[in-house]
Structures are given as structure tokens and as C-alpha cells.
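Student: Once you've had a glance at the structure underneath, I'll fire off some questions.
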Amino acid sequence: MKKILKAALTAAIGCIMAAAFSVCVYAETEDVELSVQFAVPSTGSWGQSITYYRVPVDNEHDVFDCGRITPDTIVTVEYELDGTWVKEDPPVELILQNYSSSDPQIWAQVLPFEWDETSASFDYQAMVKVYGSEDLSTVDNLWLGDRGIVVTATKFTLTNCAVEEVTTTTEAETTTKEETTAAAETEAAKADDGDAAEAGDETAVTSAAQTESENTSNNNVLYIVIGVVAVVIIIAVVVVIIAKKPKNKFY
């Protein structure tokens, strides 16, 4: 009986820990696929195929904040080579550039830990080692460069990135300012009550939609917790039944 109780308890604890880990990962990290719409063939002589800026600069480059990269992040780039690569070294490199807060600027050329003629993967450890710092939020530009052959990026993904923070306070403040301005204009112009009521209905619909979206996210976590509790209860009931089951006596 002690063995049964111990096994049941171990199973329950395992379920709880697994669920807690799942909720934590769900809430803190996400996989990201960056657009390659601006990718071009590199020069074939240590040129670059695609660039991602830390902050928006123009309409010809996409944006990614390298500060979202975590120790578990793997950067995988798929590409096309113009020709056959016969060297033992990889045909591509990941470049981390810092020109705004470093003097001289940093041009960190990171080699992949695995690669073939169609893709290459880079890990966090290699990136921080070559960059010289674990603070990747200071990276201004992220590049895919060639190492002696024309390369065109076709897919760019990063796993386990920190979830990008979305500020809801700003939206609420903006809504409040818009409502205040609308009220002032209504009072000054002495608009009719029908128009004011219609504007209020639109605001109510927007707030309801935002609340529904937040509730959906909270429900996902709630379902996981309920599932774990149900499993623990079932295990407990089974243990109690086994414990109360009469033993056969042999004479």
C-alpha cells in the first residue's frame, strides 16, 4: 500500500509541475518568424542578404529587437545558394552590429553550430560570445551575410523569444483623451443627444471586444489548471478505493 501511495503522489506532483512549466513557457516565450520580403541576393563576397533594424528607419527593412533573444533561442535561416558550396566552412554567417552605443562599433560575425546547403542554425551561446556581451538589446542591426557565395534568405525564424510587451495603458489613456475631447466638442457645439449616444455605443462595443480578448487568454490558463486538479482528484479517488478494498484471507 505504501508503494501505491508513493507512486500516486509522485504522479500527481509530476502532473502539477508539467502544467506549471507549460503555463510559464506559454506566458513568457514565443517562436517568431521574421519577414523576408526585403531579402536580396548578396554580393557573393562577404555581402548581406537581409537586414533587421532594432528601430524603424525606412520602408525597405523589417524590424526586430534582439533584446527578445533568450538563452534558449535558436536562430534558423533558410536560404538559396547561387552555385555549389565546396568548402568545409559554412557559407553563411549571422552578423550582430552595434554602431550607436559602441566605439568602435561592433561587427560580430557568428558562425552556425549546424548547417547545410539550404539552412543554418545559430545558438545564443555563440552569439553572446562573439558579440562580447549578454545584453543583446544594444544590437542595432541583425544581418544574414555570405562567406564567399551569393546567398538569398528565404526564411528567418527564432525560437523561444521573450514575448513582445504590449502597452495597454497607452491605449486606455488615448481612449480617455478621445472621449474627453469628444465631450468638450459636444458641449461647445451643443450637438444633439442622439449623436452623443451613438458615440457612447461605439465606445462600449470597443471596450467589450477588448474585454472578450483578455478573457479568452485568461481562460486558456484556467483550463490547464482545471485539468491538473481533475487528474489529481482522480488519482486520489483511485488510491482511496484501493486502500479500502478488503484483502482475501487464505486459511
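The values are calculated or read from the model by the stated rules, or taken from the named source; none is laboratory data. In this text the structure is predicted, and so the values were computed from the model without any measurement. Counting neighbours? That spans all protein chains shown, and the Cβs are built from the backbone with ideal geometry, glycine included. Only protein heavy atoms, including side chains, enter the accessible area calculation; ligands, DNA and RNA are left aside. Shrake-Rupley method; radii C 1.70, N 1.55, O 1.52, S 1.80 Å.
Student: Considering the range 127-146 alone, what residues qualify as being open to solvent by 30 Å² or more (accessible area, probe 1.4 Å) and of a type in the set (A, V, I, L, M)?
Tutor: V130
Student: Now for a different question. Determine whether I149 is of a type in the set (A, V, I, L, M, F, W, C) and either open to solvent by 60 Å² or more (accessible area, probe 1.4 Å) or not in a strand (DSSP E or B) (or both).
Tutor: Considered against the rule, which asks whether it is of a type in the set (A, V, I, L, M, F, W, C) and either open to solvent by 60 Å² or more (accessible area, probe 1.4 Å) or not in a strand (DSSP E or B) (or both), I149 comes out as yes.
Student: Exactly one condition in (1) acidic (D, E); (2) outside any loop (DSSP other than H, G, I, E, B); (3) open to solvent by 80 Å² or more (accessible area, probe 1.4 Å) is not met by E60; state its number.
Tutor: Unmet condition: (2).
Student: Also, I was wondering about something else. Residues L34, L81: which one is hydrophobic (A, V, I, L, M, F, W, C), surrounded by 13 or more Cβ atoms within 10 Å (Cβ to Cβ) and within 22 Å of A126 (Cα to Cα)?
Tutor: L34
Student: Answer yes if at least one residue in the range 69-78 is over 26 Å from I149 (Cβ atoms), among the acidic types (D, E) and out of contact with any His (no Cβ under 7 Å at 6 or more places or on another chain), and no otherwise.
Tutor: Checked the range 69-78: at least one residue is over 26 Å from I149 (Cβ atoms), among the acidic types (D, E) and out of contact with any His (no Cβ under 7 Å at 6 or more places or on another chain).
Student: Write out, first by first residue and then by second, each pair whose Cβ atoms fall under 6 Å of each other, whose residues are 6+ apart or on separate chains, and whose first residue, in the range 47-68, is of a type in the set (G, A, S) while the second is surrounded by 14 or more Cβ atoms within 10 Å (Cβ to Cβ) and part of a helix (DSSP H, G or I).
Tutor: Sorted first by the residue in the range 47-68, then by its partner, the pairs are G67/L136.
Student: I'm trying to understand the selection: among the residues of the range 109-158, which are of a type in the set (S, T, Y) and either in contact with a helix residue (DSSP H, G or I) (Cβ under 9 Å, 6 or more places away or on another chain) or in contact (Cβ under 8 Å) with a residue 12 or more places away in the chain (or both)?
Tutor: Listed by number, the residues that qualify are T118, S119, S121, Y124, Y131, S137, T138, T152, T154, T157.
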